[in-house]
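Reading through the structure tokens given below for one structure.
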Amino acid sequence: MTDIATILERELGAERLVGPGHEKLEDYGRDESPFPAYYPPDCAVLCDTTEQVAAVLRICAERNVVVTPRGAGSGMCGGALPIAGGVVLSTERMKRVIEINSDDLIAVVEPGVVTGDLAEAAEAAGMFYPPDPASLASCSIGGNAATNAGGLRAFKYGVTREYILGLEVALMGGEVLRCGRRTAKGVTGYDLVAGFVGSEGTFGVITELTVKLLPKPIAASTVLAVFADAVAAGACISTLLREGVRPAILEIADRASINYVRPKSRYRFPENAGAIVLIELDGDGETVARQMEQVGMRCDELGAIDVLIASDPAERRALWEARRLISPALKDHNRTKVNEDICVPRGKIVEMLARIDRVAAETGIEIAVFGHAGDGNLHVNLLSNEDPHDPDNRQRMLMGAKMVFAHTLELRGTLSGEHGIGLSKRDYMPMEQTEQVMEWQRRWKRMWDPAELLNPGKVLPPSTKRCSE
Ligand SMILES: Cc1cc2nc3c(=O)[nH]c(=O)nc-3n(C[C@H](O)[C@H](O)[C@H](O)COP(=O)(O)OP(=O)(O)OC[C@H]3O[C@@H](n4cnc5c(N)ncnc54)[C@H](O)[C@@H]3O)c2cc1C
């Protein structure tokens, strides 16, 4: 029997195949999951067009071969890992910005366009694409749609879902479906687009996206407020939100995160700094100036140890430095860094931070927390200097993560605010969702992919129902 790599090479051309023995094939068996995992695919296909994507899905369906869609491989929960081997279908070459239209306020793009490049193309045309995952310099817009990626600006502007108006999707078997719209509003028929967004490459392969753009905000200011502890920082955040301040970005970081960035940051953190709140205001000049004054004043009144305010772009970038340095600093100093992205109701952030401290004390695991306070979406980083491949270390970290999940759910939160479920959180799904809810999702998946060949084994754990039930 001819193997799948040979068939795809013959049908699509050798220049699109990364086949067995190719030095780059290994790259398609990994992503940015916390515990480095490697699942070798039989081959990877780098498609240039929708027709080629459809051809791969047709050929593989005819031969019962599993396909794993892949964007830039920046996912943190193993969604793009080819756990059952087969073919990795990469959209990395589909990088065309097809249209930027300032009258309709939309862009039409191919899925491999890097998110930061889309944002820059929109900005060059005087518009604004708000979703800004911290990985925007490397992740793809197709991957963002597949994971419904969030980002720093989600508090004011929402997540990727809010910006995807229309999609072209290639389905397992080779059918190509165009759904959605390019209008600002539209309620015609069921919302298929909403179903594909966040389906983590298990429903179909996104081959084109129509995204909504906004007019560019005129002014922006940044405030960095330092507090003695997370309780004081949380109280300040609640007060500001109650008073109607609507920042574009509202971030929090705890003492452990500060201690990691302290040696690298140009800003000299006060000795007793126990939490920082970073606030970015944007909009028209007058509103931004008024709110900036209000925010600065409230932070002072509510006990901030230090408050820095900047409107000049270079000064704003300097204030952002501390926040940007956290993740790389945690990674540089720890061989194992497990970043869970739980989300709790906004009013429960301080309670969640206290519970995370308890998990750290009970398990002896160092935990640093930072994240999107405006959304209740916290990046809980479990840290250790042990080898990430060491089974005991892995077990300890997973136990700590499970305790964090249990507290999250007790506070009526959710397992993932933005990274998705993929492989690494799949087995925790029953902690949050009932078997009934998961079973309806399995039926939904089977509607698009009855033979379960597209990215199998992701998002949903196998059914616990017996055949007779
Ligand atoms: C340093 C760092 C910071 C990050 N910050 C954030 C953040 O702030 N917010 C956030 O949400 N995420 C963040 N992430 C996670 C990651 O960048 C996002 O999940 C991103 O959306 C993944 O895009 P990708 O192109 O890399 O997708 P991949 O990792 O290649 O794939 C992710 C999932 O999408 C599917 N997929 C990819 N392309 C397609 C397609 N065209 N059609 C169908 N399915 C597809 C894959 O099968 C997989 O299930 C971060 C990651 C890193 C490493």
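Tabulated values for the structure
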item: Matching residues, the range 359-380, being in contact with a His (Cβ under 8 Å, 6 or more places away or on another chain) and over 19 Å from TRP320 (Cα atoms); result: VAL359
item: Yes/no for ARG394 being touching a residue at least 40 places away in the same chain (Cβ under 8 Å), buried (at least 18 other Cβ atoms within 10 Å of the Cβ), under 23 Å from GLU362 (Cα atoms) and of a type in the set (D, E, K, R); result: yes
item: Matching residues, the range 8-18, being part of a helix (DSSP H, G or I), buried (at least 17 other Cβ atoms within 10 Å of the Cβ) and of a type in the set (A, V, I, L, M, F, W, C); result: LEU8, LEU12
item: Pairs where the first residue, in the range 125-154, is in the same structural domain as GLY195 (by TED's automatic domain parsing) and farther than 16 Å from ASP375 by Cβ and the second is hydrophobic (A, V, I, L, M, F, W, C) and within 6 Å of the ligand (Cβ to nearest atom), C-beta under 6 Å, 6+ apart; result: SER138/ALA72; CYS139/ALA72; SER140/ALA72; GLY142/ILE206; GLY143/ALA72; ALA145/ILE206
item: Identity of the residue in the range 412-446, among the hydrophobic types (A, V, I, L, M, F, W, C) and within 16 Å of the ligand (Cβ to nearest atom), that ends up farthest from GLY347 (Cα to Cα); result: TRP444
item: Candidate set from the range 186-232 (those that are away from the ligand (no atom under 16 Å from the Cβ) and acidic (Asp, Glu)); member that is surrounded by the fewest Cβ atoms within 10 Å (Cβ to Cβ); result: ASP191
item: Residues located in the range 153-171, provided they are among the β-branched types (Val, Ile, Thr) and more than 8 Å from the ligand (Cβ to nearest atom); result: ILE164
item: Unmet requirement for VAL97, which otherwise passes all of (1) more than 26 Å from ASP31 (Cβ to Cβ); (2) touching a helix residue (DSSP H, G or I) at 6+ places or on another chain (Cβ under 6 Å); (3) away from the ligand (no atom under 14 Å from the Cβ); result: (1)
item: The listed residue being closer than 25 Å to LEU57 by Cβ and surrounded by 14 or more Cβ atoms within 10 Å (Cβ to Cβ), out of GLY413, GLY400, GLY420; result: GLY420
item: Unique match (being under 30 Å from ASP332 (Cα atoms), hydroxyl-bearing (Ser, Thr, Tyr) and crowded, with 19+ Cβ neighbours inside 10 Å) among TYR28, TYR38; result: TYR28
item: Scan of the range 210-243 for residues that are farther than 30 Å from VAL197 by Cβ and of a type in the set (Gly, Ala, Ser), ordered by number; result: ALA219, SER221, ALA225, ALA228, ALA230, ALA232, ALA233, GLY234, ALA235, SER238
item: Criterion (within 11 Å of the ligand (Cβ to nearest atom), within 13 Å of the chain's Cα centre (by Cα) and farther than 30 Å from LEU241 by Cβ) met by exactly one of GLY143, GLY150; result: GLY143
item: Pair list, Cβ under 6 Å, 6 or more apart: the range 106-123 residue closer than 15 Å to LEU214 by Cα and among the aliphatic types (A, V, I, L, M), other residue within 16 Å of the ligand (Cβ to nearest atom) and assigned to a helix (DSSP H, G or I); result: LEU118/ILE141
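Yes/no matrix, rows are residues, columns are (1) of a type in the set (S, T, N, Q); (2) part of a helix (DSSP H, G or I); (3) in contact with a Lys or Arg (Cβ under 9 Å, 6 or more places away or on another chain):
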position: ARG394; (1), (2), (3): no, yes, no
position: MET399; (1), (2), (3): no, yes, no
position: LEU409; (1), (2), (3): no, yes, no
position: GLU418; (1), (2), (3): no, no, no
position: ILE421; (1), (2), (3): no, no, yes
position: SER424; (1), (2), (3): yes, no, no
position: ASP427; (1), (2), (3): no, yes, no
position: GLU452; (1), (2), (3): no, no, yes
position: PRO461; (1), (2), (3): no, no, yes
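Residues checked against (1) among the charged types (D, E, K, R); (2) modelled with pLDDT under 95:
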{"position": "ASP117", "(1), (2)": "yes, no"}
{"position": "ALA134", "(1), (2)": "no, yes"}
{"position": "ASN144", "(1), (2)": "no, no"}
{"position": "THR147", "(1), (2)": "no, no"}
{"position": "GLY158", "(1), (2)": "no, no"}
{"position": "GLU168", "(1), (2)": "yes, no"}
{"position": "ARG182", "(1), (2)": "yes, no"}
{"position": "PHE196", "(1), (2)": "no, no"}
{"position": "GLY204", "(1), (2)": "no, no"}
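The values are calculated or read from the model by the stated rules, or taken from the named source; none is laboratory data. Everything quoted here is computed from the prediction, not taken from an experiment. Every residue, glycine among them, receives a Cβ derived from its backbone with ideal geometry; neighbour counts consider all protein chains shown.
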